[in-house]
Amino acid sequence: MKQNWHPDELAQHWTLSDEERELLSNKAGATRLSFAVLLKAFQFDGRFPERREDVAAHVVAHLARQTGVPAQAYAEGEWSERNVILASLVGPLDAELLDSLLKRLFDRVQ
């Protein structure tokens, strides 16, 4: 994944929508930030990052500011929790929200 991001690109691709913020409302700390990183990475890249380092520090800092979680929590968080977080991405998505998120994702690709 790209490592150098212009501030405009961060705002365009890595800013959480109101619906995405609602998905984060029942999470705290490193889990909240990691959830946001994985969600936005999937939207941008069409896949989840395999390694923590695949996501640029500027991206993590941008999402950290939005979630209210210190960026270092992402680096300190347990990466083995990734599978738990990925599973939690699927669970809370209702059909309408999932359709909305997928439509936005595919609109960007086209």
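Scanning the stretch 1-12 for residues that are acidic (Asp, Glu) and under 22 Å from residue 47 (Cβ atoms) yields a count of 1. Taking every residue in the stretch 13-24 that is closer than 14 Å to residue 41 by Cβ and pairing it with any residue that is assigned to a helix (DSSP H, G or I) and basic (Lys, Arg), at least 6 positions away or on another chain, the pairs with Cβ-Cβ distances below 8 Å are 13/40; 14/40; 16/40; 20/40.
Of the residues that sit in the stretch 15-55 and are acidic (Asp, Glu) and in contact with a helix residue (DSSP H, G or I) (Cβ under 7 Å, 6 or more places away or on another chain), which one is surrounded by the fewest Cβ atoms within 10 Å (Cβ to Cβ)? Only one residue fits best here, namely 19.
The numbers here are math on the coordinates, done by the rules we state, and not lab data. Predicted model, so just to flag it, every value in this text is computed and none were measured. Cβ sites come from the backbone with ideal geometry, for glycine too, and all protein chains shown count toward neighbours.
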